[in-house]
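The values are calculated or read from the model by the stated rules, or taken from the named source; none is laboratory data. Predicted, not measured: the structure shown is a model, and the values here were computed from it. Here the Cβ positions follow ideal geometry from the backbone for every residue, glycine too, while neighbour counts run over all protein chains shown. Please note that ligands, DNA and RNA were not included when accessible areas were found on the heavy atoms of the full protein model with its side chains. Shrake-Rupley method; radii C 1.70, N 1.55, O 1.52, S 1.80 Å.
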Amino acid sequence: MKKTKLLLMLTFCSSFLAIGQTKVPFIENLLAKMTIDEKIGQLNLVTPGGGIATGSVVSSNVEEKIKAAEVGGMFGISGPEKLKIAQDFAVKETRLKIPLFFGSDVIHGYKTTFPIPLGTASSWDMDLIKKMAQIAAQEATADGINWNFSPMVDVARDPRWGRIAEGAGEDPYLGSAIAKAMVQGYQGTDLTSKNTMIATIKHFALYGAAEAGRDYNSVDMSKIKMFNQYLPPYKAGIDAGAASIMTSFNDVDGIPASGNKWLLTDLLRKKWGFKGFVVSDYTSVNEMIAHGLGDLQDVSALSLKAGLDMDMVGEGFLTTLKKSLNEGRVTEEEITNACRRILEAKYKLGLFDDPYKYIDAKRPKKDILTKANKAFARDAAKRSFVLFKNHNNVLPLSKTANIALIGPLANNKNNMLGTWAPTGDPQLSTPVLEGFKSVAPKAKITYAKGANITDDAELAKKVNVFGTRVDIDKRSSQELLQEALDLAKTSDVVVAVVGEASEMSGEAASRTDISIPANQKKLIQALVKTGKPVVMVLMSGRPLTIEEEFNLPVSILQVWHPGIEAGNAIADVIFGDYNPSGKITATWPRNVGQIPIYHSIKNTGRPAPTEAFEKFKSNYLDVKNAPLLPFGYGLSYTSFAYENINLSKKEIEQGQDVTVSVTVKNTGNFDGEEVVQLYLRDVVRSITPPMRQLKGFKKVFLKKGESKTVELILTADDFKFYNSTLDFIAEPGDFEIFVGTNSNAQLKATLTLK
């Protein structure tokens, strides 16, 4: 048995987390042989380009740099043949033969693309989310990828921010549960396995709180808000064992995250005990120059000393650290520590034992885009959909109905995968028209485009950066509309598939106007005027402002961007093969003027009444305080009733748990699933408390007429918060517990903590 194989077995006998807590002899022996240049080379992450990049630069002379031991890892390249060539350069043509690792943005599936993360979060199904990550890891590793730049766990409360599509929404409790599930799915229990990969918690930290909802913008918040509302999902991912962290583009307390010692060393490593490695986001080290922190040598030295280990694409480490070492601005120990963490990550993966373990030409055909994976993608998609309205109970539709299928997204492959799916192929996706015909072959289905996604050519140009997402028809808007109206008049029901193009949300896709594009609004209004029942199938990567459409006599099914099996999954729900069960994880505002709006708001000294306007209260002149759709909202083809809330104890001591039980009954005519949600309010405490905080949920299946007693456990930590000195404590007093179908739950019990 090889020496490295024995070391791997000894080290992994308990957990890969042991690495970093005690030094690994193999790594220490390797470090002792390395020159400063070789150590700095390991801190350099490059991309050869050719794929989707998140910046304007790609690395140059990559082959020569690998041979010169100036590269520690690569991303933006995949496939056994290509990766073998790159790995050969590293292990056959360098002095110490240190293997590369290969990264990728596998955000919501690899080749088998799942719904965008905001969609899968709406399933509230942790087993499903974990399985999704497992399949993504299985496929990505089959193509040679062993390091994933996912999950994105940024709490986001401003739907103008395009990257809200990539996360779990506004809530730290739900976001923490999803972070844990995804890390466990990607990494499994053994990182030496060929079908697991390193997970990266990103973007550390506070990226989702960018001012004005504008990507890459500044962030400014109190430490209390930071610790209570924004940091928990990062910590949950770390506690779940994530081996990598990626820094964010924004500043934190005035210092950009990539050079923030308090963030990367004091909090992440010392307070939270993180043992993995930290990588910058795309050129975020270089971008600290624009932030105003100095030249490339200045910001590179600052980042290394702050605790950053790997520089993505910018090559500031590669080109300036040796000079900074010679000038005494950084130490050899700091360079060695960063290099050690990179080498340990490769060791965790087993790359020193077999640099080619992920490079297997037989695996792509066997493990990627399998029937089972696509079936799972279809199931995941339909479980992510949220029913907003079912006007006159028109849904589900009959499979023999005469249906006018209308809309710019009704027969469109280019937008089904959603934003940030660089490893997927849109042309392999199932459009809605095809799904309808497959699921309901006896229905009469006619199709018309009806409108462009937008008529704004300048907007279309910005959206089409990664390929055609908005195709402006040669026909006039009036011709498109008239064709749709002619079909609608001869149908039993109209299904209008409308909304955003996939790249109208996502990175660098912030919007100030988050309504449905004007030409599509005109289409919807005209279809309603035909007098036919209208079902809106709404696609978007964010909450939209749809109050006008919501008030029309239409049914609305929110489907996000559903992934490779989009059309089949939508048809499954529209025709009743699956009863929708999704619940939104980000509040939907009435208009952009309400933003930010979220369920865990604090009360004020002058709280406004629920509905009526009252002068000198905290309300608007022109709109209600209440959102259009509250956090946790989602309907079903059936209905559910809640009653009999009970506590296992009405008084508890510090450190005790309490069980909350409630009876839930399916009172409608369909079998269905309900997400039972528990919210907590600390009535009096030393710092102002949120009105409500999500502290528990459970998804249950009930046959029509069936009742179940659902139990949710409030743990001792659920009563705790970070106080003004950032101590994590629970204070004695009364707590109100609400259980129900969304964050407006009314069923209430009171608990006293002694």
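The set of residues in region 28-48 that are touching a residue at least 24 places away in the same chain (Cβ under 8 Å) and in a loop (DSSP other than H, G, I, E, B) comprises Met34, Leu43, Thr47, Pro48. Could you go through region 488-504 and let me know if any residue there is over 25 Å from Ile574 (Cβ atoms), surrounded by 15 or more Cβ atoms within 10 Å (Cβ to Cβ) and at pLDDT 95 or above. Yes; the residues of region 488-504 include at least one that is over 25 Å from Ile574 (Cβ atoms), surrounded by 15 or more Cβ atoms within 10 Å (Cβ to Cβ) and at pLDDT 95 or above.
Taken together, Lys130, Lys194 contain a single residue that is under 30 Å from Phe352 (Cα atoms), part of a helix (DSSP H, G or I) and among the basic types (Lys, Arg), which is Lys130. Looking only at region 534-570, residues that are in a helix (DSSP H, G or I) and open to solvent by less than 10 Å² (accessible area, probe 1.4 Å) come to 5 in all. The conditions of being open to solvent by 70 Å² or more (accessible area, probe 1.4 Å) and either free of Cβ contacts under 8 Å to residues at least 12 places away in the same chain or not in a strand (DSSP E or B) (or both) are met by Asn669. Candidates Phe735, Phe719: the one that is aromatic (Phe, Trp, Tyr), in contact with a Lys or Arg (Cβ under 9 Å, 6 or more places away or on another chain) and either without any contact (Cβ under 8 Å) to a residue 40 or more places away in the chain or surrounded by fewer than 20 Cβ atoms within 10 Å (Cβ to Cβ) (or both) is Phe719. Annotation note: Cβ proximity below 6 Å between a residue of region 560-572 that is among the small types (Gly, Ala, Ser) and a residue that is open to solvent by less than 10 Å² (accessible area, probe 1.4 Å) and assigned to a helix (DSSP H, G or I) (sequence gap 6+ or interchain) occurs for Gly563/Ala377; Gly563/Ala381; Gly567/Val432; Gly567/Gly435; Ala569/Ala381; Ala571/Gly435; Ala571/Phe436. Taken over region 136-171, the criterion of being of a type in the set (S, T, N, Q) and touching a strand residue (DSSP E or B) at 6+ places or on another chain (Cβ under 8 Å) is satisfied by Asn146, Asn148, Ser150. Here is the figure for region 319-335: residues that are touching a residue at least 60 places away in the same chain (Cβ under 8 Å) and crowded, with 21+ Cβ neighbours inside 10 Å total 2. Considering region 414-468, and only residues there that are among the small types (Gly, Ala, Ser) and farther than 19 Å from Asn568 by Cβ, the residue that is most open to solvent (accessible area, probe 1.4 Å) turns out to be Ala457. For the residues Ala301, Ala290, the requirement of being closer than 18 Å to Ile40 by Cβ, surrounded by fewer than 24 Cβ atoms within 10 Å (Cβ to Cβ) and free of Cβ contacts under 8 Å to residues at least 60 places away in the same chain singles out Ala301. Restricting Lys708, Lys698, Lys754 to those that are within 26 Å of the chain's Cα centre (by Cα) and of a type in the set (D, E, K, R) reduces the list to Lys698. For region 135-155, filtered to residues that are open to solvent by less than 10 Å² (accessible area, probe 1.4 Å) and assigned to a loop (DSSP other than H, G, I, E, B), the residue that is farthest from Ser176 (Cα to Cα) is Gly144. Checked against the criterion of being out of contact with any helix residue (DSSP H, G or I) (no Cβ under 6 Å at 6 or more places or on another chain), at pLDDT below 50 and open to solvent by less than 30 Å² (accessible area, probe 1.4 Å), the candidates Leu30, Leu8, Leu45 yield just one match: Leu8. Within the bounds of region 218-240, is there any residue that is under 29 Å from Ile289 (Cα atoms), among the polar types (S, T, N, Q) and part of a loop (DSSP other than H, G, I, E, B)? So far as region 218-240 goes, yes, one or more of its residues are under 29 Å from Ile289 (Cα atoms), among the polar types (S, T, N, Q) and part of a loop (DSSP other than H, G, I, E, B). Counting only residues that are surrounded by 24 or more Cβ atoms within 10 Å (Cβ to Cβ), assigned to a loop (DSSP other than H, G, I, E, B) and not hydrophobic (A, V, I, L, M, F, W, C), region 161-191 holds 4 of them. For region 638-666, filtered to residues that are within 25 Å of Ile584 (Cα to Cα), touching a Leu at 6+ places or on another chain (Cβ under 9 Å) and among the polar types (S, T, N, Q), the residue that is surrounded by the most Cβ atoms within 10 Å (Cβ to Cβ) is Asn666. Yes or no: Gly55 in a loop (DSSP other than H, G, I, E, B) and modelled with pLDDT of 95 or more? So Gly55 does not fit the description; no. Considering region 587-616, the residues that are among the hydroxyl-bearing types (Ser, Thr, Tyr) and in contact with a Ser or Thr (Cβ under 7 Å, 6 or more places away or on another chain) include one that is farthest from Val386 (Cα to Cα), namely Thr604. Cβ-Cβ distances below 9 Å connect the following pairs, each with a first residue in region 412-437 that is under 28 Å from Phe149 (Cα atoms), a second residue that is surrounded by fewer than 21 Cβ atoms within 10 Å (Cβ to Cβ) and aromatic (Phe, Trp, Tyr), and a separation of six or more residues or different chains: Pro422/Phe466.
Residue-by-condition table, conditions (1) in contact with a strand residue (DSSP E or B) (Cβ under 7 Å, 6 or more places away or on another chain); (2) at positive phi; (3) β-branched (Val, Ile, Thr):
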position: Ser618; (1), (2), (3): no, no, no
position: Pro627; (1), (2), (3): yes, no, no
position: Ser639; (1), (2), (3): no, no, no
position: Ile645; (1), (2), (3): yes, no, yes
position: Asp657; (1), (2), (3): yes, no, no
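Cβ-Cβ distances below 7 Å connect the following pairs, each with a first residue in region 691-703 that is farther than 17 Å from Ala168 by Cα, a second residue that is open to solvent by 20 Å² or more (accessible area, probe 1.4 Å) and of a type in the set (Val, Ile, Thr), and a separation of six or more residues or different chains: Met691/Ile601.
Can you name the residue in region 674-712 that is of a type in the set (Lys, Arg) and in a strand (DSSP E or B) and, of all such residues, is least open to solvent (accessible area, probe 1.4 Å)? Looking at the filtered set, the residue picked out is Lys695.
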